[in-house]
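Remarks on the structure that follows.
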Amino acid sequence: MSRFSGKTVIVTGSSGGIGEGIARRFAAEGANVVINSRNRDDCEEVAATLDADRTLVVAGDVSKSAFANEIVTRTVERFGGLDTLVNNAGVAVSGMLHKATDEEIDRVIDINVKGVLYLCRAAIPHLKTTGGSIVNISSVSGTGGDSTLPIYNASKGAVTNLTRGLAQQIGMLGIRVNAINPSLTRSEMVEDIMGNEKLMEGFMQRIPLGRMGEPEDIAAAAAFLASEDAAFITGVNLAVDGGVSSSNGQPNFFAYM
């Protein structure tokens with residue numbers, strides 16, 4: 001398929017894991033792709049495997065307002081416009097809230113919430129021109145909560161509600177806004193969990209499809225939501241979770257993107 005031929009997509013946090021999977025999917029479908037993370041070497045490594053004429057690396061910290069403006073500006077200068085913004089960059093901190101430091105709270109909220117807000121703000125004027133869309137990578141943690149991730153829960157809950165509210169606000173501009181809520185998905189963020197056999201066994205018991213998610217699973221959903229196939233879909237928080245978020249009608253205390 002080439003649903004995105006001639007289109008331009010920014011994917012934050014795309015030097016590995018879910019973000020890399022999303023970037024590769026869009027590139028495979030013909031898009032110009034902007035690769036981003038704070039580590040330039042990691043970005044360059046991914047970009048080296050893609051079509052150089054259709055790939056741009058803009059390394060930097062999305063939690064900084066000035067950088068959000070920079071990545072959008074450089075994208076438009078290079079490719080002439082912006083059609084899709086995928087807000088994927090994110091971090092998690094686990095543990096008891098009353099033991100969390102200010103630095104831990106600030107880091108999660110700055111990247112997971114303020115980074116999304118800054119990027120959306122910078123992108124909207126350009127997405128208005130192209131009739132483009134925003135795809136936020138949230139989490140089932142933003143809809144059901146987890147017993148060990150209160151700060152992450154708060155950040156992803158904010159993304160979930162931002163998606164609904166922003167879709168209503170800018171739909172009149174011709175911009176669609178949707179989100180994906182993954183559960184346990186293979187990435188650097190969950191390497192510690194994957195190395196814990198007992199914990200993984202618990203996860204698998206909670207996932208009706210019997211496996212963890214792969215970056216390609218999330219990428220397929222992102223490509224759909226950004227495509228014309230989803231032209232009448234906005235304000236949706238799509239669970240791509242193997243069924244775990246609704247399993248037995250119980251709150252999901254084990255979800256972890």
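The values are calculated or read from the model by the stated rules, or taken from the named source; none is laboratory data. None of these values were measured; they are calculated from a predicted model. Glycine gets a Cβ as well: all are built from the backbone with ideal geometry, and neighbour counts include every protein chain shown.
Observations, loosely collected:
Quick grid of which residues meet (1) free of Cβ contacts under 8 Å to residues at least 40 places away in the same chain; (2) crowded, with 23+ Cβ neighbours inside 10 Å:
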position	(1), (2)
Pro125	yes, no
Ser141	no, yes
Tyr152	no, yes
Leu162	no, no
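- Any pair with Cβ under 9 angstrom, 6 or more apart, that starts in the range 93-108 at a residue that is under 16 Å from Gly157 (Cβ atoms) and modelled with pLDDT under 95 and ends at one that is basic (Lys, Arg) and surrounded by 15 or more Cβ atoms within 10 Å (Cβ to Cβ): Val93/Arg107
- Selection over the range 130-143 of residues that are assigned to a helix (DSSP H, G or I) and more than 19 Å from the chain's Cα centre (by Cα) gives a count of 1.
- If you filter the range 65-107 down to residues that are part of a loop (DSSP other than H, G, I, E, B), surrounded by fewer than 15 Cβ atoms within 10 Å (Cβ to Cβ) and not hydrophobic (A, V, I, L, M, F, W, C), you find that the one that is farthest from the chain's Cα centre (by Cα) is Thr101.
- Breaking point among (1) outside any loop (DSSP other than H, G, I, E, B); (2) crowded, with 20+ Cβ neighbours inside 10 Å, for Asp146: (1)
- Look at the range 199-221: where a residue is β-branched (Val, Ile, Thr) and a partner is assigned to a helix (DSSP H, G or I) and at pLDDT 75 or above, sitting 6+ places away or on another chain with Cβ atoms under 6 Å, you get Ile207/Val244; Ile218/Ile18.
- A count restricted to the range 1-23 and to residues that are in a loop (DSSP other than H, G, I, E, B), under 19 Å from Gly80 (Cβ atoms) and either touching an Asp or Glu at 6+ places or on another chain (Cβ under 7 Å) or modelled with pLDDT under 95 (or both) stands at 4.
- Any hit, the range 200-213, residues being surrounded by 15 or more Cβ atoms within 10 Å (Cβ to Cβ) and either modelled with pLDDT of 95 or more or touching a strand residue (DSSP E or B) at 6+ places or on another chain (Cβ under 6 Å) (or both): yes
- In the range 141-153, the residues that are among the aliphatic types (A, V, I, L, M) and in contact with a Leu (Cβ under 9 Å, 6 or more places away or on another chain): Ile151
- Each residue in the range 152-183 was checked for being in a helix (DSSP H, G or I) and out of contact with any Asp or Glu (no Cβ under 7 Å at 6 or more places or on another chain), and 21 of them qualify.
- Yes/no for Ala158 being closer than 27 Å to Ile105 by Cβ and under 15 Å from the mean Cα position of the chain (by Cα): yes
- Residues of the range 24-50 that are touching a residue at least 40 places away in the same chain (Cβ under 8 Å), under 15 Å from Ala89 (Cβ atoms) and not in a strand (DSSP E or B): Asn36, Ser37.
- Taken as a whole, the condition of being at pLDDT below 95, of a type outside the set (Gly, Ala, Ser) and surrounded by 13 or more Cβ atoms within 10 Å (Cβ to Cβ) does not apply to Val46.
- Top-ranked residue in the range 108-123 [being charged (D, E, K, R) and surrounded by 16 or more Cβ atoms within 10 Å (Cβ to Cβ); ranked as farthest from Arg78 (Cα to Cα)]: Asp110
- Within the range 31-43, considering residues that are within 18 Å of Arg78 (Cα to Cα) and of a type in the set (S, T, N, Q), the one surrounded by the most Cβ atoms within 10 Å (Cβ to Cβ): Asn36
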